[in-house]
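Take a look at the structure below.
The values are calculated or read from the model by the stated rules, or taken from the named source; none is laboratory data. Here the structure is a predicted model, which is why all the values come from computation and not from measurement. Cβ atoms come from the backbone with ideal geometry, glycine included; neighbour counts cover every protein chain shown. What goes into the accessible areas is simple: the full protein's heavy atoms, side chains included, and nothing from ligands, DNA or RNA. Shrake-Rupley method; radii C 1.70, N 1.55, O 1.52, S 1.80 Å.
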Amino acid sequence: GWAWWCLPGAWELIRILGVLGGIEWFDELSIRTVSLFEAMALAGWLSAWLVNACPAAGVSLGHSPSRRTWLLAFSAVAIYTVCATAINWARYNNLLIPHGDSAMYEEHLWNITHGKGFRSYLDQGLFLGEHIQVVHLLLLPLYALWPSHLLLELCESLALGAGAFPIFCISNRSSGSRRCACFLAIAFLLYPPLQFLDIAADLKTFRPISFGVPALLFALDQMERKRVKTTLLLFALALSAKED
């Protein structure tokens, strides 16, 4: 696996050639992607090391996860949801959500439940003129029971955490290892960009586009199961999270 460490060196050589050639856009691209190639080298080397250190015995692919394995996965999702929701609720209660977008999406639900249509005073008109983004309207039944921004935060964290389940199923089906499937599901929950999207360091703590992440992951899982209609429905749901 030591050959993997040639990758960052090769990329640095290519970068130097780009600088010497005066290709500014390539120089910028190489600077911004160097961490990606370093991560690839580290991942490749670790994979080779693990394969040699712990050679896998023959495993049958695709066996059903045990109840204990499912319980571990559910527990991980529950812990993530509680932690992320607690952080977002604390920011709300301490007046640390200054960005208007977070309130605007609740305003959409409030306007619809009060007969004002899909409007936003932030955009001074119909919101669809700004974005094709309607997935959060699925929260209307819950919002009618609990009209609060805190509900939106809870649902977003729960939806993002639920993305661990298709990761778990796909991994188990591909590797035949329940332990591997569990570890990958937990790794998904520990993935910093996922937490950034949920807790949002730029203070937009609720974003409907977040619902597109689990929708896309569940769609990929259903596609592997050859369930075409369900796959198309989930892809449509992902598209409703935002036009881009």
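Look at (1) farther than 20 Å from residue 240 by Cβ; (2) without any contact (Cβ under 8 Å) to a residue 60 or more places away in the chain; (3) in contact with a helix residue (DSSP H, G or I) (Cβ under 6 Å, 6 or more places away or on another chain); (4) open to solvent by 40 Å² or more (accessible area, probe 1.4 Å) and you find that residue 119 fails only one, number (1). Can you tell me which condition residue 102 does not meet? The list is (1) polar (S, T, N, Q); (2) assigned to a helix (DSSP H, G or I); (3) touching a helix residue (DSSP H, G or I) at 6+ places or on another chain (Cβ under 6 Å), and all the others hold. That leaves (3) as the condition not met. Within the stretch 1-25, residues that are within 16 Å of residue 43 (Cβ to Cβ) reach no partner that is modelled with pLDDT of 85 or more and part of a loop (DSSP other than H, G, I, E, B) with beta carbons closer than 7 Å at six or more positions or on different chains.
Report, by residue number, each residue of the stretch 168-183 that is open to solvent by less than 40 Å² (accessible area, probe 1.4 Å), in contact with a Gly (Cβ under 8 Å, 6 or more places away or on another chain) and either basic (Lys, Arg) or at pLDDT below 90 (or both). Residue satisfying the conditions is 176 alone. Look at (1) modelled with pLDDT of 90 or more; (2) on the phi > 0 side of the Ramachandran plot and you find that residue 136 fails only one, number (2).
Taken over the stretch 222-240, residues that are out of contact with any Ser or Thr (no Cβ under 9 Å at 6 or more places or on another chain) and either under 14 Å from residue 163 (Cβ atoms) or crowded, with 21+ Cβ neighbours inside 10 Å (or both) amount to 3.
Candidates are the residues of the stretch 191-221 that are over 12 Å from the mean Cα position of the chain (by Cα) and without any contact (Cβ under 8 Å) to a residue 40 or more places away in the chain; the one that is farthest from residue 97 (Cα to Cα) is 219. The listed residues are 110, 49, and the only one of them that is open to solvent by 80 Å² or more (accessible area, probe 1.4 Å), at pLDDT 85 or above and under 30 Å from residue 5 (Cβ atoms) turns out to be 49.
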